[in-house]
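One structure is given below, encoded as structure tokens.
The values are calculated or read from the model by the stated rules, or taken from the named source; none is laboratory data. What you are looking at is a predicted structure, and each value in this text was computed from that prediction instead of being measured. Because the Cβ atoms are built from the backbone with ideal geometry, glycine has one as well, and the counts that use them run over all protein chains shown. With ligands, DNA and RNA removed, areas are computed over all heavy atoms of the protein, side chains included. Shrake-Rupley method; radii C 1.70, N 1.55, O 1.52, S 1.80 Å.
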Amino acid sequence: MRVLAPLLVLMLLAPLAHAQSLGETLQECPGTLTGSTQPQQIHLQMTDDASVMNVVWASEGRSTGEVEWNGQTAASTDFCYNHDMAFHMASMTGLVPGEEVTYRVSSGGDWSGEFNFTPIDSMDDHFQWIAIADHGDSSEAMDVSESIIADTAAQMVTISGDIAYADGEQSTWDNWFNFQQDSMTSIPWVAAVGNHENEPGYEFSPYEHRFDSDGQSESEIFWYSRDFPGVHMVFMSTEHDYSEGSTQYSWLAQDLASVNRDVTPFVIVYGHKPMYSSNSYHGSEVELRVALETMYVTNGVDLVIAGHDHFYERTFPVAGDTVVDTGKDGRFARGYAPIHLVIGIAGRSSYEELDEPQPEWSAFRENSSYGWTKLKYHGDTKELAFTHHRIDGTIGDEFILQVAPLASNSDGGIMGIPGFGTILPILAMFGAAVRRLR
Ligand SMILES: [Fe+2]
Ligand SMILES: [Fe+2]
């Protein structure tokens, strides 16, 4: 028995470490023994295979489930975590990009209504999506959600962290997912984690279970990349180790180095905390800048879209605190240095105090307003158009990023050989500054 006792303890603890199938989670989710099996919180979950779309949903009572699409069915994987709600995830396979899919889900024999979505065709010439951060459930957040639903041309939503602000209260997640269901059943939401996804008593477990199935490897959940028409997007975690030598750092380095710019001329990195922010509440995340800015600059990252500070700010192309290019008439040529965006305006109360004077790298900033941003890729002109929308219907800021050099610029920036010379001295200065900071 002395030998068996530790083994028994290990066997009992194992399901706690990784929530498995419903049969193994009796101790974890006793509240799911009874309750309605009606599907709720239904949302699409993108995979790295355009022909496969996952759908995740919840039910109060535990049961097995299935998805039905295009005359086919597939059984769900059923799981839970330390919360009285059962979750189901099923895969729709054999999808043809660009062709609409009609689907519905069931758990315990209770069916949802029918939904439609169109898998994104990465070869398309046009693509548009909404980017938000710092959402929650305030009335302003609801306004943003309604605007997302109303924008029937948007093909996706990205969120740069601080999603529901559950902070340990799991019913907040339930309500948040139910409120987003109208958009999340028709277009995928793709997320990077924020500090509020690291919850007291739960850590990242609610995020892991609700945005993906259980049992995925860490790197698949917290840092990953996807190719969309014209744009390679990286979703990284500022909430996990990103320092040189870390798993995430190595992954980022190889991912950014392997982008084929002929296929995806633009590269966007999503992460929660900003490298550049002139808001006095949090401000620039210097540690992040020291660790990753050179990698972003040398690999030609075009946009870095962050949140965390609850205001809107756009930088000029900047490297090592130095403005590299100021563009012309709201247009920027690709390849000088990343433009950093802080878009923590999707609903959480605004952080009012700003650093004064406004730093040179800060091209536009605004507090006390709420909203979302919209990005449109145009393959025919090889442009990426960015617009900052306020919930009152007005536009706060906009710019266009283009592959072609600006007429007034004789060189092509870091992506073109002539421009590289202009940025080398700045990189050298930046390298020296980084060494001093260390
Ligand atoms: Fe936030
Ligand atoms: Fe945050």
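For residues in segment 115-142 being surrounded by 17 or more Cβ atoms within 10 Å (Cβ to Cβ) and over 19 Å from the mean Cα position of the chain (by Cα), which is farthest from residue 179 (Cα to Cα)? So, considering only residues that are surrounded by 17 or more Cβ atoms within 10 Å (Cβ to Cβ) and over 19 Å from the mean Cα position of the chain (by Cα), the one farthest from residue 179 (Cα to Cα) is 117. Does at least one position in segment 199-206 carry a residue that is at positive phi, over 15 Å from the mean Cα position of the chain (by Cα) and in the same structural domain as residue 313 (by TED's automatic domain parsing)? The answer is yes, given that some residue of segment 199-206 is at positive phi, over 15 Å from the mean Cα position of the chain (by Cα) and in the same structural domain as residue 313 (by TED's automatic domain parsing). Of everything listed in (1) touching a residue at least 24 places away in the same chain (Cβ under 8 Å); (2) part of a loop (DSSP other than H, G, I, E, B), the single unmet condition for residue 262 is (1). When you go through (1) open to solvent by 10 Å² or more (accessible area, probe 1.4 Å); (2) in a helix (DSSP H, G or I); (3) within 16 Å of ligand 1 (Cβ to nearest atom) one by one for residue 221, which number turns out not to apply? So residue 221 meets the others, but not (3). Kindly indicate whether any position in segment 322-338 is open to solvent by less than 40 Å² (accessible area, probe 1.4 Å) and either within 16 Å of ligand 1 (Cβ to nearest atom) or under 17 Å from the mean Cα position of the chain (by Cα) (or both). No.
Can you say whether residue 122 is in a loop (DSSP other than H, G, I, E, B) and among the hydroxyl-bearing types (Ser, Thr, Tyr), as far as the supplied structure shows? Before the answer, list the steps.
On the way: in a loop (DSSP other than H, G, I, E, B): yes; among the hydroxyl-bearing types (Ser, Thr, Tyr): yes.
Considered against the rule, which asks whether it is in a loop (DSSP other than H, G, I, E, B) and among the hydroxyl-bearing types (Ser, Thr, Tyr), residue 122 comes out as yes.
Would you mind stating whether residue 120 is away from ligand 2 (no atom under 16 Å from the Cβ), touching a residue at least 24 places away in the same chain (Cβ under 8 Å) and under 30 Å from residue 274 (Cα atoms)? So residue 120 fits the description; yes. Of all residues in segment 369-376, one or more are farther than 26 Å from residue 256 by Cβ and either within 16 Å of ligand 2 (Cβ to nearest atom) or not in a strand (DSSP E or B) (or both). Does residue 125 count as at pLDDT 95 or above, more than 16 Å from ligand 2 (Cβ to nearest atom) and in contact with a Gly (Cβ under 6 Å, 6 or more places away or on another chain)? The answer is yes for residue 125.
Consider segment 273-307 and keep the residues that are among the charged types (D, E, K, R) and within 13 Å of ligand 2 (Cβ to nearest atom). The one that is farthest from residue 366 (Cα to Cα) is 285.
Does residue 208 meet the test of being more than 28 Å from residue 143 (Cα to Cα), assigned to a helix (DSSP H, G or I) and either within 16 Å of ligand 2 (Cβ to nearest atom) or open to solvent by 50 Å² or more (accessible area, probe 1.4 Å) (or both)? Before you say what the answer is, go through the steps one by one.
On the way: more than 28 Å from residue 143 (Cα to Cα): no; assigned to a helix (DSSP H, G or I): yes; either within 16 Å of ligand 2 (Cβ to nearest atom) or open to solvent by 50 Å² or more (accessible area, probe 1.4 Å) (or both): yes.
No; evaluated as a whole, the condition is false for this residue.
The number of residues in segment 177-196 that are out of contact with any Ser or Thr (no Cβ under 9 Å at 6 or more places or on another chain) and either modelled with pLDDT under 95 or within 16 Å of ligand 1 (Cβ to nearest atom) (or both) comes to 1.
Within segment 83-114, restricting attention to residues that are assigned to a loop (DSSP other than H, G, I, E, B) and charged (D, E, K, R), which residue is surrounded by the most Cβ atoms within 10 Å (Cβ to Cβ)?
Of the residues in segment 83-114, the ones assigned to a loop (DSSP other than H, G, I, E, B) are 83-85, 93-100, 108-109, 112-114.
Checking the rest, the ones that are also charged (D, E, K, R) come to 84, 99-100, 114.
On the way: 84: 19, 99: 10, 100: 11, 114: 11.
Selected residue: 84.
With respect to residue 379, is the statement that it is in contact with a strand residue (DSSP E or B) (Cβ under 9 Å, 6 or more places away or on another chain) and surrounded by fewer than 17 Cβ atoms within 10 Å (Cβ to Cβ) true? So that I can check it myself, show each step before the final result.
Numbers: in contact with a strand residue (DSSP E or B) (Cβ under 9 Å, 6 or more places away or on another chain): yes; surrounded by fewer than 17 Cβ atoms within 10 Å (Cβ to Cβ): yes.
So residue 379 passes the test.
Right, residue 168: within 16 Å of ligand 2 (Cβ to nearest atom), open to solvent by less than 10 Å² (accessible area, probe 1.4 Å), at positive phi and not charged (D, E, K, R) or not? So residue 168 fails the test.
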